[in-house]
Every structure is written in structure tokens, then in C-alpha cells.
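Laboratory data are not the source of any read-out in this text; all were calculated from the coordinates shown. All figures in this text were calculated on a predicted structure; none of them were measured in a lab. Glycine gets a Cβ as well: all are built from the backbone with ideal geometry, and neighbour counts include every protein chain shown.
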Amino acid sequence: MNILAPVRRDRVLAELPQCLRKEAALHVHRDFNPRVTCACQEHRTGTVGFKISKVIVVGDLSVGKTCLINRFCKDTFDKNYKATIGVDFEMERFEVLGVPFSLQLWDTAGQERFKCIASTYYRGAQAIIIVFNLNDVASLEHTKQWLADALKENDPSSVLLFLVGSKKDLSLCPVTPGLELPLSTHLLHVSGENVREFFFRVAALTFEANVLAELEKSGARRIGDVVRINSDDSNLYLTANKKKPTCCP
Ligand SMILES: Nc1nc2c(ncn2[C@@H]2O[C@H](COP(=O)(O)OP(=O)(O)OP(=O)(O)O)[C@@H](O)[C@H]2O)c(=O)[nH]1
Ligand SMILES: [Mg+2]
């Protein structure tokens, strides 16, 4: 029985949302991986539809992490600063290529005194969103440390990374003149511009990574494989009449 809430109509993704600027993206492919599209069409996505993927949002105090999450999940904005104490999280349900998919967005505290509580929740993240304030160069410099801390608890080879420059509405001249923004920056502000598109892209890329991992797992041993016992053959798995799906490359 699926006890998760139904997917809202405006959380349905039929194609890969494009990156904001090609030169500012780590992931530049324009479409879903064909293996993923094919697996979704053939309902071969395994447990992906039942899983909840963890996304952590980190960055200096007051850069706007909570506002960003609230803008997307609740469509609200509070101009008064209330520090996050430790962590908080929101659940978001999507449907990607016809498959339900859930993200758990972990909002962590930027204040130094809450950092050790927050960092205990970093583990098991599939995506890390690092936020800095476009009007505060120190918050950009600190992103390196936030990234290092978050990667200590996660597998750097598989986790997806996103860098967000916040408070774009306040920035006449982002950060400081002459300082180049890092390549993978998404420029957002919580009045709404790009926020929805950004989280859709996070959801889509996390979903894609999950399906690919699932395909890899199921490729190691498929249902219908014949297991030879007492064989001298080093390859114990033989697939009887293996049919290649028509749409797979
Ligand atoms: N003008 C403007 N203000 C923003 C924006 N985003 C956040 N703020 C304001 O910045 C302050 C801090 O925002 P929060 O979202 O609470 O910051 P935070 O990163 O969660 O802070 P911690 O929980 O302490 O780590 C609040 O007063 C917000 O109203 C933005 O895009 N534009
Ligand atoms: Mg907060």
C-alpha cells in the first residue's frame, strides 16, 4: 500500500527541465538518459517509485536556505529572519516520466552553534544544494567549506551538486565586481524567479540517477536468469531467450 500523499498536478515532469545557463551547469545533457526513458516506459524502475531521496541544503547563516525551500514547498516568503535550529525538512512528491518520486528536502542551520547538530543529518544525501548570498562575498568563499563538510558524510562520486546564488533581487552587482561566479551557479531569488525550475531540475536529475542505479543493480542479476549449478563455467548466470527491449539503445 502506498501511504505517501498523491502527487500534485503541478509536480509532474514529462521531460528533463533545462539548466538555467549551459555554461553554469555541471549536468548539461538536454534529455533524460535514453536508458531511463526506456525503463520508465517499460515499468522497469524497480523500487524508485517507493523510495524517498534525501537532498540537503547547506550554506552560511541567513543566506536564505529556509526561504528557498518555503518558496518552493509552500509558496510563501517571510521577510523576518528566524534562524533554523538544527534541521528541518519538507517532503515533496513528483511524478517523473510517469513514475512517482519523492524528495526529502533537508533545511540545515547555518549558524555555527547549530552546525554540529545539523551535520549529523548530512549522511545519505543524493544531492547537495549549497546556497550563498550574491551580495556577500564571504558567503561565497565559505561554500568550499560547506561542500567539504557535506562530502565527508557522502559519496563524492555519486552525489549531485548544485550551487545557488540567493537574493538576486537585492543584487545590483552580484557579489563584487571582478569576482567571477563559480561555474555551476544557479541565480535565484525567493520572489519566485527560477525557484520552481531549479527544484524541478534537482528532482529530475536525482530521479535519473536513481533509475540508472536501479538498472545497474538489476542488470547484475535479472529475473528469468537461469542459474547453473555445478558448472565449470565461471559465468553462472545464463539468460534464457534474452529479449532486447525495442526502445533501449
Ligand atoms: N530580499 C530578499 N530577502 C531574502 C531572500 N531570501 C531570504 N531573504 C531574507 O534573508 C533572511 C534570512 O533568510 P533565511 O531563509 O531564514 O536564511 P537561512 O539561510 O535559512 O538562515 P539559517 O537558518 O540561520 O541558516 C530573512 O530575513 C529572509 O527574509 C531573497 O531572495 N531576497
Ligand atoms: Mg534557515
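If you count the DSSP beta bridges with both ends in segment 9-216, what percent of them are antiparallel, to the nearest 5? Walk me through the intermediate numbers first.
Values: 10 of 33 bridges.
Of the beta bridges lying entirely in segment 9-216, close to 30 percent run antiparallel.
What is segment 9-216's relative contact order, in percent, from Cα pairs under 8 angstrom and six or more apart in sequence? The partial results should precede the final answer.
Working: 369 pairs, mean separation 58.9, N = 208.
In percent, rounded to a whole number, it is 28.
Note the full-extension length gain between ARG9 and LEU161 as 0.36 nm times their separation in residues minus their Cα-Cα distance, in nm to one decimal.
Working: separation 152, 0.36 × 152 = 54.72 nm, distance 2.69 nm.
Taking ARG9 through LEU161 to full extension adds about 52.0 nm, to one decimal.
If you take all C-alpha pairs in segment 109-170, what percent of them are over 15 Å apart?
In whole percent, the share of Cα-Cα pairs in segment 109-170 beyond 15 Å is 53.
Against the empirical 2.2 N^0.38 Å scaling, what ratio does the C-alpha Rg of segment 9-216 come to?
Against the empirical 2.2 N^0.38 Å value, I get 1.00 for segment 9-216.
Express the relative contact order of segment 63-175 as a whole percentage, based on alpha carbon pairs under 8 Å and six or more residues apart in sequence.
Answer for segment 63-175 is 25 percent.
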Problem - Estimated distance in nm for a label pair at GLU141 and ASN33, the labels positioned 7 Å out from Cα along Cα-to-Cβ - result: 3.9
Problem - Added length on full extension, which subtracts the Cα-Cα distance from 0.36 nm per residue, GLU216 to ARG113 - result: 32.9 nm
Exercise for the section: Using per-residue counts of other Cβ atoms within 10 Å, averaged over each peptide, order 101-109, 125-133, 81-89 from highest down. Expected result: 125-133, 101-109, 81-89
Handout entry: 3J(HN,Hα) from dihedral phi, segment 198-214, Karplus parametrisation 6.51/-1.76/1.60, rounded to Hz, x for glycine, proline
Key = 5, 5, 5, 5, 4, 4, 5, 6, 5, 4, 4, 4, 5, 5, 4, 5, 5
Problem - Cross-link pairs beyond the 22 Å C-alpha cut-off, checked among LYS51/LYS82; LYS115/LYS144; LYS54/LYS74; LYS74/LYS144; LYS51/LYS217 - result: LYS51/LYS82; LYS74/LYS144
